[in-house]
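Values in this text are rule-based calculations from the coordinates and carry no lab data. These figures come from a predicted structure and were not determined experimentally. Note: ideal-geometry Cβ built from the backbone for every residue, glycine included; neighbour counts use all protein chains shown.
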Amino acid sequence: MSTEQSQQQQNTKLFWKQLKTKGNEFLNSRKHAKNLLDIIKCFEECISKGLNVTPCLLTLEVIFTELLKRREMYVEVEPLKPKDDNPETKYREWLHERYLETLRLILSCFKLERHTESNQALVTSVKLLSCEAKHPLEHTPSGQYYFPINRYRNILTKLLCAEHSNSHLIDRFKEYAQYLDIVYHAWKLMPGLTPKCATVPNDEFAQNYLELINAIPVTKELQEGKRLLCSDECVTDETFDYNATRKCINKAWNCVMLWQMKEQIHKHVLIILLERILPHLEKPVLLTDFLMDSLDLGGPIGLLALQGIFTLIQKHNITYPDIYEKLYSMFEPEIFHTKFKARLFYLADIFLSSTHLPENLVAAFVKRLARLSLVAPPQDIVIILQFIGNLILRHPGLKRLICHPSGGEVSRDPYIMDERDPTKSNALESSLWEVVALQNHVLPSVATAARFISQPLPATEWDLADVLEVKENDIFDQEIARRSKQCALAIERSQSMFLPRNDKIMQYWKLY
């Protein structure tokens, strides 16, 4: 550690100690009331000069938490009665004004570039929110639940900033999503915070908005946990009401559906819809047009839309025209280079699980997969081969593809790869010469997997879950771990002193 860094740490400790002393003096005696102004002024200077604000944040958090517990900022106002103008009331009002001023400064720290400081600002604001809920500044009947909704709105508004990404703050905010009252009141506020027009402020706002929705899921575990942050009482309809929450989710999401979305935002919207929103929608059928339009875009967006369509087909008995043609068109070489590849195979396996599908339709999928296996990465070839095997097991009539009398020559393959309608691709007249070719693949694991068509088929299907998440590094490690026959070498071992050390390649190769 350099001398300059050491000196800086000592200055920070001294500064922190001075703030702590001033804070304790203020809390212990009103004659030190000016200390509060000094601390707030110091806080403002740290913000404006880009200095570390964490000591000020923690000091003010301790001060106002204690003031809330003592109820020293509470001013009782009786209806139809003039407000008392005595020194005590004036002091309490002065404290209340400093409290509001401090809250504004804390919220302004959300935009700080140093994440440790902006995260601390979020934590401090939520702690003060929780303390104010338990010790209200407003008159509330004894035993009645109180939640400072306006304070909470200010926090969420800052999280939905349109100037920069707040991903780090929203990640920290997820810690509070385990509390029912935090999630419930967040959803109560979301419809009012959602733009109700086609044009959102910008991509940063849209990204922050979607990440915030993702951070406040209404799950079964959340409702069963019955944990509250801002109350020590049991859960009631005032602290969490699922029906009211569901209505707010629908209102907010209806506004999102009006947005004009760029590709990245469109993709994020579909992910949030599938993972968070869809189970809570009152009329999921209204998503039909949106999902079909998304499906027509193809690529990752089309794949995510396909999953939504499958959910509607499965749970709401909705029929979609040409759904198998859409699925067929998604099997392109580009799919192997997206992170949604496993999702496509999973959905295709479900869509093609019925044994009552026409054989010419399933045969088209088998041939398209076989053709793609020639250009697929090794880890994906194994997935394709097992998927083809499963389809043949479900439709024994497809065994004719294994050794078709007239479809075995590559140059005369009757299969039409470019045909959009799978039933018109002549797949049944072809054969799986692609799989035979893969039996000579350089990787033993791929060659072994391709030999299934030369052997009796198994009685049960292959479990695709075992290979869907296999990566190229897994195949590499597997091949390296395979024992190979040692060959005798009649060469002299190198005695050079310039050998590489700690190199990954040297873990698997020996230099003789």
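Report, in debye and to the nearest 20, how large the dipole of the chain comes out about its Cα centre when Lys and Arg carry +1 and Asp and Glu carry -1 on their Cβ. Write down the numbers at each step before the final one.
On the way: 62 positive and 64 negative charges, 216 e Å.
The calculation lands at about 1040 debye.
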About the Cα centre of the range 353-483, what is the dipole size in debye to 20, counting +1 per Lys and Arg Cβ and -1 per Asp and Glu Cβ, all else neutral? 360
Charge context of Asp418, other residues only, Cβ under 12 angstrom, K/R +1, D/E -1: +1
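Which value in deg cm²/dmol, rounded to the nearest 500, describes the helix-derived mean residue ellipticity at 222 nm for the chain, given -39,500 (n - 2.57) per DSSP H run of n ≥ 4 and division by the residue count?
Numbers: 21 runs with 277 residues, N = 512.
That calculation yields -17000 deg cm²/dmol at 222 nm.
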At Arg153 and Phe476, where each label point lies 7 Å from the Cα along Cα→Cβ, what is the point-to-point distance in nanometres? 5.5
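On a 24 Å Cα-Cα criterion, which of the cross-link pairs Lys17/Lys111; Lys158/Lys188; Lys283/Lys339 come out too long?
Violating the 24 Å Cα-Cα cut-off are Lys17/Lys111; Lys283/Lys339.
Just to verify a number: FRET efficiency for Tyr145 and Glu93, C-beta to C-beta distance, R0 = 25 Å, to 0.05?
Details: r = 26 Å, r/R0 = 1.04.
With a Förster radius of 25 Å, E is 0.45.
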Filtered hits (lysines, Cα-Cα < 29 Å from Lys399, offset >= 8 within chain) -> Lys326, Lys341, Lys367, Lys424
If unit charges are put on Cβ atoms (+1 for Lys and Arg, -1 for Asp and Glu) and the dipole of the range 266-397 is taken about its Cα centre, the option from Ile309, Phe365, Pro284 lying farthest towards the positive end turns out to be Phe365
For Lys90, the lysines lying under 25 Å Cα to Cα, once residues fewer than eight places off in the same chain are dropped, come out as Lys22, Lys31, Lys34, Lys41, Lys69, Lys81, Lys134
